[in-house]
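The values are calculated or read from the model by the stated rules, or taken from the named source; none is laboratory data. Since the model is a prediction, treat every value here as computed from it, not as a measurement. For neighbour counting, all protein chains shown are included, and Cβ atoms are generated from backbone atoms with ideal geometry for every residue, glycine included. The accessibility values were calculated without ligands, DNA or RNA, using every heavy atom of the protein model including side chains. Shrake-Rupley method; radii C 1.70, N 1.55, O 1.52, S 1.80 Å.
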Amino acid sequence: MTALARPTHGRMIGGVCAALARRFGTSTTTMRVIFLLSCLLPGPQFLLYIALWILLPAEDKARTTAW
């Protein structure tokens with residue numbers, strides 16, 4: 001598994017779905033479909049997306065701060 005960081009290429013809005021897809025070894029399309037289907041369920045999906053967008057570092061910043 002790779003580190004959880006938003007990629008600079010291949011993202012649509014914030015790169016959260018692309019980062020989660022890389023982390024769990026699925027395609028970005030699959031992760032986006034899962035997110036869209038989860039929006040049909042009650043819950044704070046959009047708030048979680050925004051929180052991850054803010055909390056996850058960008059891929060280029062994650063490389064520079066890695067040990």
Residue within the range 15-37 that is in contact (Cβ under 8 Å) with a residue 40 or more places away in the chain, of a type outside the set (A, V, I, L, M, F, W, C) and either open to solvent by less than 40 Å² (accessible area, probe 1.4 Å) or at negative phi (or both) present: yes
Residues that are assigned to a loop (DSSP other than H, G, I, E, B) and of a type outside the set (D, E, K, R), drawn from the range 11-25: MET12, ILE13, GLY14, GLY15, GLY25
